[in-house]
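Report on the following structure.
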Amino acid sequence: MSPTRSRLARLVPFGLAAALLLALGQAATTAGAAASAEAVTAGTLGRTTLGGADPSVIKVGDLYVAAKSVDGGIAVRTAATLEGIAAAPKQQVWRDTGGLGEVWAPEIVHHDGAYRIYFAAGTGAAHRMYHISSASPASGYSAATKVALPGDKWAIDGAPFTFNGQRWFVWSGWAGDTNVEQNLYVARLSGATTSTGDRYVISQPRESWERVVGNPYINEAPQPIVDPNGQLHIAYSANGSWSDQYCIADLRLRAGGDPTYVWDWYKSNGCLFGSHRATMMSGWDPTLNVDGPGHHTFVLPRGDATAGPPSGNRFPTMFHAVAKGTPYSWSNRYWYTGTAVWWGNTTYSRANVPGSPTNTGFSLKFFE
């Protein structure tokens, strides 16, 4: 999340060799004095050399492709390894020559033979989702086209995905025209930039552990992924990103559930990845090396939510956070490499709402 948003509102690892963690967390060094101003030498386990927020990384064949908001537009980096993204040269693929405004959180996928980047742009209440595409990962992108979402309200952090043969879009937005709270919405896509039907709220920041910092309170940065049982999850970030209370939580769609029906979604009973024990879900531990982890990406083949790895295998993630011992501020955020694993037989519970009060299935554990 960009610092300008504030003006709108004002596991420990289990049973795996330490060598694997070190390999996954190995940070690249800067490419010399001519390196970009956003690149600094890494020192903390898992940290890349990229300063900033909102990582988005996919794998296409043997290539890792990352998109980042920078220099008044969007840059793409490509590398042969996930850690190599940090030292890879940035290729500016789009600039805001039309005066759209602040450019936030580009999300890259590879779908229908094209690289597609979805991003938010605008000023204040004018933020909406936009799309650019190219046959090549680092050049040749189209002009920006507005994504026609139902209701045409403030929208950020959008991500497309396919589930049960239907293309969907999930994003963080406002119910109306003022920032009362940021909710998560889904809608059906009929094309890369067109939707069909209504938008449907699937999460609101109403639990005590996601209302520690806010006013307005926030659910944002939704990341879709399908678990080994075929159930859809939307992992998202809660609490204000200007605070070290920022954390990652989970929504799990019940087996056979309707993605548009809010009560078919079950929310984790606390943060699954965060730096404060008081807000963590029971059985989940706070971070050891970073504060306020959030706005993550599952590094999936082509960014395909259905390509979630099987149970028992760690799979790569990236997230932004601030190193422990460092003042928590937007300027101190870095991209971090990490891993996640499916965690079976996990019950999410709720009360005083329609449907079953509990749902048991896979959850996620995140590692630095």
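Relative protection proxy for 97-104, 321-328, from highest mean packing down: 321-328, 97-104 (other beta-carbon atoms within 10 angstrom). Pairs of lysines in the chain whose Cα atoms sit within less than 21 Å of one another amount to 6, provided the residues are eight or more positions apart or on different chains. Couplings for the range 242-256, taken from phi via the Karplus curve 6.51 cos²θ - 1.76 cosθ + 1.60 with θ = phi - 60°, read 7, 10, 6, 7, 3, 7, 10, 10, 9, 10, 10, 7, 4, 4, x Hz in order; Gly and Pro are left as x.
Using only alpha carbon pairs under 8 Å that are at least six residues apart, calculate the relative contact order of the range 261-338 and give it in whole percent.
Values: 110 pairs, mean separation 17.5, N = 78.
After rounding, I find 22 percent.
For the chain, what is the accessible area per residue in Å² when the probe is 1.4 Å? Walk me through the numbers before you get to the answer.
On the way: 13490 Å² over 368 residues.
Value returned for the chain: 37 Å² of accessible area per residue.
Can you give me the % of accessible surface on the chain that is carbon or sulfur? Probe 1.4 Å, all protein chains present, nothing else counted. Display every interim value, and only then the final one.
Working: 6840 of 13490 Å².
Result for the chain: 51 percent of the exposed heavy-atom area is carbon or sulfur.
Put simply, the convex hull of the Cα atoms in the chain casts, on average, a shadow of 16.8 nm².
Note down the relative contact order for the range 169-270 as a percent, whole number, built from C-alpha pairs under 8 angstrom at least six residues apart. Provide the component values of the computation, followed by the final result.
Details: 222 pairs, mean separation 21.5, N = 102.
Normalised by residue count, the contact order of the range 169-270 is 21 percent.
Here the label points at Asn229 and Arg95, each 7 Å from Cα along the C-beta direction, are separated by 5.1 nm in the simple model.
If packing is taken as the mean number of other Cβ atoms within 10 Å per residue, what is the order of 239-248, 181-190, highest first? Could you put the intermediate results ahead of the total?
Values: 239-248: 24.6, 181-190: 22.0.
Most protected by this proxy first, the peptides run 239-248, 181-190.
Taking the Cα of Ser139, stepping 7 Å toward and past its beta carbon, and measuring to each backbone N in the range 87-101: which are under 18 Å? Residues passing the 18 Å test: 88-95.
How high is the relative contact order of the range 210-327? Use alpha-carbon pairs under 8 Å, at least six apart in sequence, and give a whole percent.
23
Given the -39500 (n - 2.57) contribution per DSSP H run of 4+ residues, what per-residue ellipticity at 222 nm results for the chain, rounded to the nearest 500 deg cm²/dmol? Before the final figure, lay out each step's value.
Details: 2 runs with 12 residues, N = 368.
Per the formula, -500 deg cm²/dmol.
Note on Ser329 and Val70: with the Förster distance fixed at 30 Å, the Cβ-Cβ geometry gives a FRET efficiency of about 0.95.
Start at zero, step by 10 Å, and the Cα-Cα distances of the range 152-288 spread as 12, 43, 33, 10, 0 percent across the bins.
Of the peptides 133-142, 86-95, how do they stack up when ordered by the mean number of other Cβ atoms within 10 Å, highest first? Write down the numbers at each step before the final one.
Details: 133-142: 16.6, 86-95: 18.2.
For the peptides 133-142, 86-95, the packing ranking is 86-95, 133-142.
The values are calculated or read from the model by the stated rules, or taken from the named source; none is laboratory data. These numbers come from a predicted model, not from an experiment. We place every Cβ from the backbone using ideal geometry, glycine too, and count neighbours over all the protein chains shown. Areas reflect the complete protein model, heavy atoms only, side chains present, ligands, DNA and RNA absent. Shrake-Rupley method; radii C 1.70, N 1.55, O 1.52, S 1.80 Å.
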